[in-house]
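The values are calculated or read from the model by the stated rules, or taken from the named source; none is laboratory data. Note that the structure is predicted; figures quoted are calculated from it, not measured. Cβ atoms come from the backbone with ideal geometry, glycine included; neighbour counts cover every protein chain shown.
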Amino acid sequence: MPASAGAEAEIGGVELTRAPDPVLILIFRGTHQVLSAEKRLKGGGVPLRLIPVPRRLTSDCGLAIRIPIDHRFRAREILSRARLLPLAAHLPRAGGEYDLVSL
């Protein structure tokens with residue numbers, strides 16, 4: 001794989017790439033909150049994906065929500081109204097590290 005491939009990897013002959021757009025990882029208190037937040041965000045038109053909590057992040061719950069960063073303000077508005085704000089929001093960096101950010 002060329003050095004310029006960046007976020008690309010190959011597993012079992014299948015090339016995997018990360019989404020080029022910046023995302024936020026939202027961490028909640030538990031599974032119930034994650035599923036409630038997912039329902040509210042989808043209803044509000046925020047694109048998302050349920051993901052396992054990355055190993056470098058800690059949580060009482062094994063699930064997190066990944067959203068495009070350009071939907072963060074809409075997500076904050078929806079989750080704040082529903083009283084479902086996440087415990088933390090993280091911005092993935094190169095090298096597998098995460099920055100703690102505000103939603």
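One residue stands out among those in region 70-103 that are exposed (fewer than 15 other Cβ atoms within 10 Å of the Cβ) and touching a strand residue (DSSP E or B) at 6+ places or on another chain (Cβ under 8 Å): the one that is farthest from L26 (Cα to Cα), which is R93. Filtering region 65-85 to residues that are in contact with a helix residue (DSSP H, G or I) (Cβ under 7 Å, 6 or more places away or on another chain) and not in a helix (DSSP H, G or I) leaves I65, I67, A82, L84, L85. Residues that are modelled with pLDDT of 95 or more, hydrophobic (A, V, I, L, M, F, W, C) and outside any strand (DSSP E or B) are absent from region 89-102. What residue, among those in region 32-62 that are charged (D, E, K, R) and in contact (Cβ under 8 Å) with a residue 12 or more places away in the chain, is nearest to L100 (Cα to Cα)? Top of the filtered list is R56. Against the numbered list (1) under 18 Å from D21 (Cβ atoms); (2) modelled with pLDDT under 95; (3) in contact with an Asp or Glu (Cβ under 9 Å, 6 or more places away or on another chain), R56 comes up short only at (1).
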